[in-house]
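Just below is one structure, and these are the notes that go with it.
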Amino acid sequence: MEEKRETSNLTELAYEQLRRAILIGTLEPGQLYTAGELAERVGVSRTPIREALLELERKGMVEIVKNRGMRVRQTSLEDLLEGFEVRLMLEVPLTRRATELQDDQARSLVESAFFEFEQAARCSDIPATLRADRDFHRSLLAGSGNVKAVQMLFEQRNLVLSGGVETVPRSRSTRECFEDHRDIFEAFMNRDGVAAATAMGRHISNTARMLINQEIQRRPDFGDEFSVERLSWILH
């Protein structure tokens, strides 16, 4: 029984370390990694590594290559479009709900997250800015009260990030990333749910357009700039 618990703990450790390495780009999209190589990196045996990889595959973050190892999945155009569709369908109404339901505690959390976001952006600290961006969205959406929807949104966000796709610093600066959230924050602080939801929809569609154009420049076979128009049906 004790041995089973220890294996489970090691699998969780391996999963979290591999997941983090994927999200911060230490494990690169498209690169083949063997189980032995990953076991050495994490400091555990191959068994928990294999279990962790199966879970990462279920989450859509990696592709297991039989008898060879695994690859981090590279974000495709379809991945981006589906991810942003989910965000527009869920995050926009949840933003309105969170804005209209806010209490003093929720208000304080969002205000604090926005301040941390601004500080990171001013210092041009890219990793800190990306974390602060995520934390701002999470603190705002937490006020909606829908835990499952928020979890789904962040799983989609992680899928995009795991494929090595991010607008900072390729397409915009840390400061520009921060400023793209100001209208959302101000509408939230004014308790204007409609304005907050509108600003969130605008922010998400701007980010989608920027990412797709960015990836077209990096990968000529990725798609075309008109693909983002697929999202327009949600915005009208």
Selection from segment 121-144 of residues buried (at least 22 other Cβ atoms within 10 Å of the Cβ) and either assigned to a helix (DSSP H, G or I) or acidic (Asp, Glu) (or both) yields 121, 129, 132, 133, 136, 137, 140, 141
What are the residue pairs meeting all of these: first residue in segment 141-158, first residue outside the structural domain of residue 83 (by TED's automatic domain parsing), second residue assigned to a helix (DSSP H, G or I), Cβ atoms under 9 Å, and 6 or more apart or on different chains?
none
Check on residue 50, touching a residue at least 24 places away in the same chain (Cβ under 8 Å), farther than 19 Å from residue 153 by Cα and charged (D, E, K, R)
no
Collect the residues in segment 140-181 that are polar (S, T, N, Q), out of contact with any strand residue (DSSP E or B) (no Cβ under 8 Å at 6 or more places or on another chain) and closer than 25 Å to residue 56 by Cα, keeping them in residue-number order.
146, 151, 156, 158, 167
Of the residues in segment 118-140, how many are touching a residue at least 40 places away in the same chain (Cβ under 8 Å) and among the charged types (D, E, K, R)?
4
Test of understanding: among 90, 101, 53, which residue is modelled with pLDDT of 90 or more, touching a Gly at 6+ places or on another chain (Cβ under 8 Å) and among the aliphatic types (A, V, I, L, M)?
101
Of the residues 100, 155, 91, which single one is within 19 Å of residue 194 (Cα to Cα) and surrounded by fewer than 22 Cβ atoms within 10 Å (Cβ to Cβ)?
100
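The values are calculated or read from the model by the stated rules, or taken from the named source; none is laboratory data. The structure displayed is predicted, hence computed values, not measured ones. Because the Cβ atoms are built from the backbone with ideal geometry, glycine has one as well, and the counts that use them run over all protein chains shown.
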